[in-house]
Amino acid sequence: MEEQKHDPQLSASWVDWFVSETLKQQGHETYRRARLLAGSCFIFFFSALAGIVLALTNRPFTSPVVQVSLLTMSGLLGCLLLLRKTGKLDYAGVLFTFSLALGIIVVSIFTGGIRSNIVPWGGLIILLTFFFSRMRWGLMMTVSLGLFVLTLYTYQELGYPLPATPPMDFKRRATGLVILIAFFISNCALSWLYESSRRKAIRLMEKTFTQNKQLAKDRDLARAMDQAKSQFLTNISHELRTPLNAIIGYTELLQETLEDDGQQEYNDDLQKIHRSGKHLLSLINDLLDLAKIESGKMFVQKEIFSTAVLCNDLHHSIEWMLKANNNTFALENHLEDVECCSDEKKLRQILLNLLSNACKFTENGHISLTCTESNVDKQRWLSFAIKDTGTGIPEDKQSKLFQSFSQLGELDNPIQKGTGLGLMLTKDFCELMGGSIEVISAEGQGSTFTVHLPDMIECDPPSTAPTPSPSETT
């Protein structure tokens, strides 16, 4: 059950000390019933105590009336203990009503039978039983007290004697009056306690309703702001893509022109411009993908492709990164002669992100890409493992790898700066394609990222495949 905090106004009472924290967290109605039960225990405890004092005016301490009253008081104290220590409201309610019923039965037998002033209390006990206990126990109490009253009436009407009752003198008449007054006072006290708890519970419900209404407004506002953010990212990304594509295109054209003219002195500078443009375009594509994922508009485009072509393209894409840090690369492709079916563009982006990170965090080391397949429950799975001998990842940072804007490197290292979107998008793409990603790493011992994807055997025909998003094309 969902936990609900209780109202400070509802708990600002001495009676709440006897209500366990477990009951306070089980909802408004349970909390209210527990408070009423604790208050009722005190009301009847002092009523029984007053009855003992009156009984001792004309009875010895060893009389059944006094002894059963003491037993009833003990049961009421046990009820308070159950509420405080165990939080078992039903058990406490049963002990409460059983103690009172036992007292009524014994005292009525020794104080005049069916004409005893204590008999009317039975009706109140039945009402309290239904309120504090389960329906079944309430029905049992109704039947039991009803049979007792009927038996007592029949017994007396047939002329059978009851235990000796003191003569109807002034003390006994005064005792009867006190019992009657106590009956009305107890009813008034219970009614006041019930109504007070009900009103406080209503105030708490109204307060909760107001808070929930405000939370709903805040949620709607947050959703609207999130949609506005996603729309802004989409718009600004598209605005930036247009001039970037022109820069990249003209750079490539200029490189070809200078190469044809035999002018190589500007080639390195043009390569830097081209590479920077590609990198910036990749960041913009990441922002577009992030906006599409958050808005639920990112879809899987299944197609048949060759991993041999994919791996060769990836190797060609990271060659300059390998040379920059003096790393070597090895490819072990066990899927080279096998056709695979998945979203090839997203898989390419996943592997390129992981290979780029491996190149970035490895110097004078080795990087490998291993492609394998396996069958689990008649489902073919494709696995791609990228292993490096780089810096590794501390164990305390591995849990944050795939969070938004989380970076592998420290911010004070210029080589390791980044947006922190790559691994998050990698994980989202894997899950979108029905797969997963795992990492095994230790600080100073390199890392291994493994991507597991199901082979989507039944691919859509090319004519019915969804149109790729702008972020998936260059």
ask   = Which one is nearest to LEU432 (Cα to Cα) among residues in segment 249-293 that are among the acidic types (Asp, Glu) and buried (at least 16 other Cβ atoms within 10 Å of the Cβ)?
value = ASP289
request  = Could you figure out which of (1) at pLDDT 75 or above; (2) over 24 Å from ILE318 (Cβ atoms) isn't true of ILE437?
outcome  = (2)
request  = Determine whether GLU239 is modelled with pLDDT of 80 or more, charged (D, E, K, R) and either on the phi > 0 side of the Ramachandran plot or not assigned by TED's automatic domain parsing to the domain that holds LEU36 (or both).
outcome  = no
task = Within segment 32-86, work out how many residues are touching a residue at least 40 places away in the same chain (Cβ under 8 Å) and not charged (D, E, K, R).
result = 24
task = Would you be able to say whether some residue in segment 348-370 is of a type in the set (Ser, Thr, Tyr), within 19 Å of LYS387 (Cβ to Cβ) and in a helix (DSSP H, G or I)?
result = yes
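A quick yes/no check of all residues on (1) among the small types (Gly, Ala, Ser); (2) touching a strand residue (DSSP E or B) at 6+ places or on another chain (Cβ under 7 Å); (3) not in a helix (DSSP H, G or I):
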residue: GLU265; (1), (2), (3): no, no, yes
residue: ASP269; (1), (2), (3): no, no, no
residue: SER276; (1), (2), (3): yes, no, no
residue: HIS279; (1), (2), (3): no, no, no
residue: LEU283; (1), (2), (3): no, no, no
residue: LEU287; (1), (2), (3): no, no, no
residue: LEU290; (1), (2), (3): no, no, no
residue: GLY296; (1), (2), (3): yes, no, yes
residue: VAL300; (1), (2), (3): no, no, yes
message = Every residue in segment 105-164 that is under 57 Å from the mean Cα position of the chain (by Cα), of a type in the set (S, T, N, Q) and farther than 24 Å from GLN67 by Cα, please.
response = SER133, THR142
task = Within segment 100-109, identify whether any single residue is surrounded by 18 or more Cβ atoms within 10 Å (Cβ to Cβ), touching a residue at least 60 places away in the same chain (Cβ under 8 Å) and not hydrophobic (A, V, I, L, M, F, W, C), and answer yes or no.
result = no
query = Here are some conditions: (1) exposed (fewer than 13 other Cβ atoms within 10 Å of the Cβ); (2) without any contact (Cβ under 8 Å) to a residue 24 or more places away in the chain. ALA330 meets all but one. Which one does it not meet?
reply = (2)
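The values are calculated or read from the model by the stated rules, or taken from the named source; none is laboratory data. The structure presented is a predicted model; accordingly, all values stated were derived computationally and were not measured. We place every Cβ from the backbone using ideal geometry, glycine too, and count neighbours over all the protein chains shown.
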